[in-house]
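S.K.: Provided herewith is a single structure, encoded as structure tokens, for subsequent inquiry.
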Amino acid sequence: MPQQGPQDAGPGTGRTLVSGGSGFIGSHLVERLLGRGDRVTVVDDLSTGRRSNLPEEHPRLRFIEATVKDAIAVFGPGERFDEIYHLAAAVGVQRVLEDPIRAIETNVEQTSAVFRFATRCGPGGGAARVLITSSSEVYGKPSSTEFREDDDVLYGPTTVLRWSYAQTKAIDEYLALAHHARRGVPVVVVRLFNTVGPRQVGSYGMVLPRFVESAIYGRRLEVYGDGTQSRCFCDVRDVVEVLPRLLAESACHGRVFNVGSDEPIAIGDLAHLVIRTLGSSSEIHHVPYASAYPDGFEDLHHRRPSLERVRKAVNFRPKYSLVQTIVDLASSLREESSAGEGRR
């Protein structure tokens with residue numbers, strides 16, 4: 001792991017740490033932070049992220065290939081950050097089911113390490129501001145049609161691994177809010193709902209990039225179940241635009257916010273929209289859940305957030321349409337495929 005000295009911030013620039021910064025969402029956030037003038041340190045073990053998602057050379061970007069826990073252990077005593085964005089986590093249903101031990105340990109241990117560090121790495125040796133990305137999975141089995149931040153939650157039994165991800169993310173939230181209440185760490189918790197867009201891949205069960213990639217190559221689009229289950233998809237560029245705004249507002253500290261779109265679409269309809277938008281010849285094929293997830297996976301029929309809280313706090317209004325996201329995602333997948341062929 002590269003070991004580098006403390007990061008000195010120039011006049012008028014923020015010093016920012018992003019864990020998981022070479023991942024799909026993280027790389028877009030890094031782009032946003034560099035664009036506002038920050039000096040950004042990215043820590044990523046590249047288990048799911050890709051170094052190619054970040055600029056190869058940038059005068060205000062430092063990249064460290066490591067887990068955030070290992071990177072923190074070798075930071076010098078003079079290392080200071082104004083803000084920390086903690087995005088490093090096990091991602092995707094398939095990844096959690098395939099390696100639940102690593103997923104659980106990653107989500108809990110890395111978050112704990114971040115908060116131990118955050119209490120002492122801010123300006124003057126105080127606490128840095130911290131934003132952690134949680135998940136709509138925290139809502140478990142909802143009893144309402146719209147998910148609100150203060151809803152009660154219900155999970156399935158511990159014998160069903162599918163719920164382990166939700167519970168680890170809930171523990172992350174408890175850690176965050178406890179550090180705010182007991183140790184004065186300025187914390188914002190963000191529950192993300194189906195974030196999509198350029199640089200996303202379908203390797204870990206993400207539905208939209210799976211559909212788009214299949215449509216590009218004329219392969220059949222596999223819809224799990226009957227396709228009537230619905231989700232709300234929000235473009236990653238809308239998501240990363242609002243994260244720094246939430247963290248900058250002291251009135252948002254110690255609070256939980258849903259971030260996403262509140263416009264649902266059935267997964268079967270999404271498949272048709274992808275085919276129509278890309279002019280694809282692909283067909284749609286329905287796959288029983290038992291075949292897609294043989295370990296008794298339990299899906300939710302709907303997942304729609306209430307955005308009332310985030311709208312009141314920072315006037316969050318997604319700008320990208322789902323059609324535009326599909327077009328841009330297809331373009332990024334084509335570029336990646338061409339680049340891969342060029343390297344052969």
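The values are calculated or read from the model by the stated rules, or taken from the named source; none is laboratory data. Note that the coordinates shown come from a computational prediction; the quantities given were computed from them, not determined experimentally. Virtual Cβ from ideal backbone geometry, glycine too; neighbours counted across all protein chains shown.
S.K.: Taking helices (runs of 4 or more DSSP H) that do not extend beyond the range 289-344, which have at least 1 residues that are of a type outside the set (Ser, Thr, Tyr) and modelled with pLDDT of 95 or more?
M.R.: Filter on the range 289-344 gives 308-314, 322-343.
S.K.: Which of the residues belonging to the range 153-177 are part of a helix (DSSP H, G or I) and loosely packed, with under 14 Cβ neighbours inside 10 Å?
M.R.: TYR174
S.K.: Kindly indicate whether any position in the range 57-70 is among the aromatic types (Phe, Trp, Tyr), in contact with a Cys (Cβ under 8 Å, 6 or more places away or on another chain) and modelled with pLDDT of 95 or more.
M.R.: No.
S.K.: Given ARG199, ARG231, ARG237, which one is in a strand (DSSP E or B) and either surrounded by 18 or more Cβ atoms within 10 Å (Cβ to Cβ) or of a type in the set (Val, Ile, Thr) (or both)?
M.R.: Exactly one of ARG199, ARG231, ARG237 is in a strand (DSSP E or B) and either surrounded by 18 or more Cβ atoms within 10 Å (Cβ to Cβ) or of a type in the set (Val, Ile, Thr) (or both), namely ARG231.
S.K.: On to the next question. So which of VAL223, VAL212, VAL259 ends up being more than 19 Å from ILE25 (Cβ to Cβ), crowded, with 18+ Cβ neighbours inside 10 Å and among the β-branched types (Val, Ile, Thr)?
M.R.: VAL223 is the lone residue from the list that is more than 19 Å from ILE25 (Cβ to Cβ), crowded, with 18+ Cβ neighbours inside 10 Å and among the β-branched types (Val, Ile, Thr).
S.K.: Can you name the condition, by its number, that ARG245 falls short on among (1) at pLDDT 95 or above; (2) buried (at least 17 other Cβ atoms within 10 Å of the Cβ); (3) farther than 22 Å from VAL327 by Cα?
M.R.: (2)
S.K.: On to the next question. Being in contact with a helix residue (DSSP H, G or I) (Cβ under 9 Å, 6 or more places away or on another chain), within 27 Å of LYS312 (Cβ to Cβ) and without any contact (Cβ under 8 Å) to a residue 24 or more places away in the chain narrows it down to one residue among ALA170, ALA128, ALA166, ALA178; which is it?
M.R.: Going through ALA170, ALA128, ALA166, ALA178 in turn, just one is in contact with a helix residue (DSSP H, G or I) (Cβ under 9 Å, 6 or more places away or on another chain), within 27 Å of LYS312 (Cβ to Cβ) and without any contact (Cβ under 8 Å) to a residue 24 or more places away in the chain: ALA178.
S.K.: Now, a different point. Tally up the residues in the range 90-102 that are in contact with a helix residue (DSSP H, G or I) (Cβ under 6 Å, 6 or more places away or on another chain) and either assigned to a helix (DSSP H, G or I) or modelled with pLDDT of 85 or more (or both), please.
M.R.: Number satisfying all stated conditions: 2.
S.K.: Could you identify the single residue in ARG182, ARG219, ARG245 that is part of a helix (DSSP H, G or I), among the charged types (D, E, K, R) and more than 22 Å from the chain's Cα centre (by Cα)?
M.R.: From the options ARG182, ARG219, ARG245, the qualifying one is ARG182.
S.K.: Right, here's the next one. Output yes when any residue across the range 103-125 is within 19 Å of VAL239 (Cβ to Cβ) and either touching a residue at least 12 places away in the same chain (Cβ under 8 Å) or part of a loop (DSSP other than H, G, I, E, B) (or both), and no when none is.
M.R.: There is no residue in the range 103-125 that is within 19 Å of VAL239 (Cβ to Cβ) and either touching a residue at least 12 places away in the same chain (Cβ under 8 Å) or part of a loop (DSSP other than H, G, I, E, B) (or both).
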